[in-house]
Amino acid sequence: MEEEPCSRAQREVDVYGETRFGKVIQLREGQFVGDRPYCPHGCTGPVHRHGRYQRYDAVSGETRVPVQRYLCVRCRRTFSVLPGHLLPYRHVHLPRFEAFANRRAGVGQGPDPPPDGPETAALLRAWDRFAGRIDALRGCFGQLIASGVSDAKHLWSAMRQAKQSLPGILLFLARSHNTSLLADYLCLRPSPL
């Protein structure tokens, strides 16, 4: 028996340009089990590989990595799965940012080898974005972190203590709050209902 396509209400777009289920267009590796993700718009049924695009792997722009795109058969929307070692919308590797943030918070040695000029600038920009989201991230973590956390260094330490690693933090934010570490990206914002 063939499943019915998503209902019209599921496909409608509201005045903000977002679907009823949010405008999710990107998942992270590790957010799903198996070799194919689920439809992030709430549909059941299969998704098919739907090409890929290239994304810069690092600030230098010397290498690119393929990012797989998928098509939901039921709702006909596409989305991509970001490789697990990259930050969304940043040309920074997770282990490098994690080591950099640990150093800034005073709990680690920093990246090895030390970052060069462009990578240092990218890491500092990412840290500044993180530091500007203290209230939002405290709200996401709620009782998992102490209520008195008021600066980026202590927030980073508390988040690391709660989720053990940057990949754990990112997956928690994506799964539980549909957001990310450095911003509420358009593709991750929940739609107003």
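Readers should treat all values here as calculations from the given coordinates under stated rules, not as data from a laboratory. The shown structure was predicted, so the numbers you read here are calculated from the model rather than taken from an experiment. As a convention, Cβ positions derive from the backbone with ideal geometry for all residues, glycine included, and neighbour counts pool all protein chains shown.
Going from the fewest other Cβ atoms within 10 Å to the most, the residues Phe100, Phe130, Phe172 appear in the order Phe172, Phe130, Phe100. Annotation: extensible slack from Leu124 through Val33 equals 29.4 nm (criterion: 0.36 nm per residue apart, minus Cα-Cα distance). Charged neighbours of Leu71, selected by a Cβ distance under 9 Å, balance to +4 (K, R count +1; D, E count -1).
Taking each residue as 0.36 nm, the span from Arg103 to Thr44 lengthens on full extension beyond its C-alpha to C-alpha distance by 16.9 nm. Summary of packing: across the peptides 150-157, 161-168, the per-residue average of other C-beta atoms within 10 Å ranks them, highest first, as 150-157, 161-168. Across region 46-169, the volume of the C-alpha convex hull divided among the residues equals 128 Å³ per residue. Within 12 Å, Cβ to Cβ, of His154, how many net charges do the neighbouring residues add up to if Lys/Arg are +1 and Asp/Glu are -1? That works out to +3.
Going from the residue with the fewest nearby Cβ atoms within 10 Å to the one with the most, Val149, Val65 rank Val65, Val149. Ranked by the mean number of other Cβ atoms within 10 Å per residue, highest first, peptides 31-44, 107-120, 68-81 order as 68-81, 31-44, 107-120.
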